[in-house]
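Here the structure is laid out as structure tokens; the discussion comes afterwards.
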Amino acid sequence: MSSSPDVVELLLAQHERIRQLFADLESAQSDAKQAVFDELRRFLAVHETAEELVTHPRARTLPGGNDVVDARLEEETESKKLLAAMDGMSVDEPDFDRQLATLKKAVLDHAAAEERDEFPLLTEGLGERQLTVMAAAVRAAAALAPTHPHPSVGSSMTTNLAAGPLAALVDRTRDAVRAALGGPASS
Ligand SMILES: [Fe+2]
Ligand SMILES: [Fe+2]
């Protein structure tokens, strides 16, 4: 047994973190709510980008994997659209809670579908070494969106640093994953 978690264990832990951040958003107010939302969207952007580069391509090579991954990518595209529509949005805007509820349902349904249909393919179809190498790539990506303990007080400095367009973060995630997998970084 390896002492470090394999890629499925790591992604399951990330799904738990995503569920927790959505739950925290429901009780947080104002600055603290903004800080949680900024953390959530960064974490989601990195998580989904890592899955698109690390787990989905491997799942495609396994029996039945193509259909499973096609469905997951459709769901991820939907989540990304919803997330992009909320990029730069303030939690105080009148439409925020409605859009957040739509995003939450899309993201959590998608995570549940991965856990039900895709992760078992990986666990059953790949060896421990492959699962560990993939975990290293997901960890390299996750380092770009560190998670924090509950932000009880919203610091405007922290909030400002965490806010903003996600495209640059997605690019850096792609480079980190490719480097960890031994491929060339994008230009
Ligand atoms: Fe995903
Ligand atoms: Fe996921």
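Nothing in this text is a laboratory measurement; each read-out follows from the coordinates by a stated rule. For clarity, every value in this text was computed on a predicted model and none was experimentally measured. Here Cβ is always computed from backbone atoms with ideal geometry, including for glycine, and neighbour counts include all displayed protein chains.
Couple of notes before you dig in:
- Residue among 140, 113, 167 with the largest mean-square fluctuation in a Gaussian network model of the chain, springs linking Cα atoms under 10 Å: 167
- Within the range 1-142: Cβ-based charge dipole about Cα centre, in debye rounded to nearest 20 (Lys, Arg +1; Asp, Glu -1): 280
- Cα long-axis angle, helix 7-27 against the chain (0 to 90 degrees, to the nearest 10): 10
- Each Lys or Arg adds one and each Asp or Glu takes one away; over the other residues whose Cβ falls under 13 Å from the Cβ of residue 180, this sums to +3.
- Here the relative contact order of the chain, from alpha carbon pairs under 8 Å that lie six or more residues apart, stands at 39 percent.
- Once the Cα atoms are used to define both axes, helix 96-113 deviates from the longest principal axis of the chain by about 10 degrees.
- Remark: C-alpha extents of the chain on the principal axes read 46, 34, 28 Å, sorted largest to smallest.
- Choice from 79, 30, 90 with maximal GNM fluctuation in the chain (Cα, 10 Å cutoff): 30
- Segment residue 178-residue 92, length gained on full extension (0.36 nm per residue, minus Cα span): 27.2 nm
- Helix 30-53 vs. the chain, principal-axis angle (Cα, 0 to 90°, nearest 10): 20
- Pairwise centroid distance, computed over Cα atoms, of the range 66-139 with the range 23-39, Å: 20
- Most mobile listed residue (102, 147, 49) in the chain, GNM with C-alpha springs under 10 Å: 102
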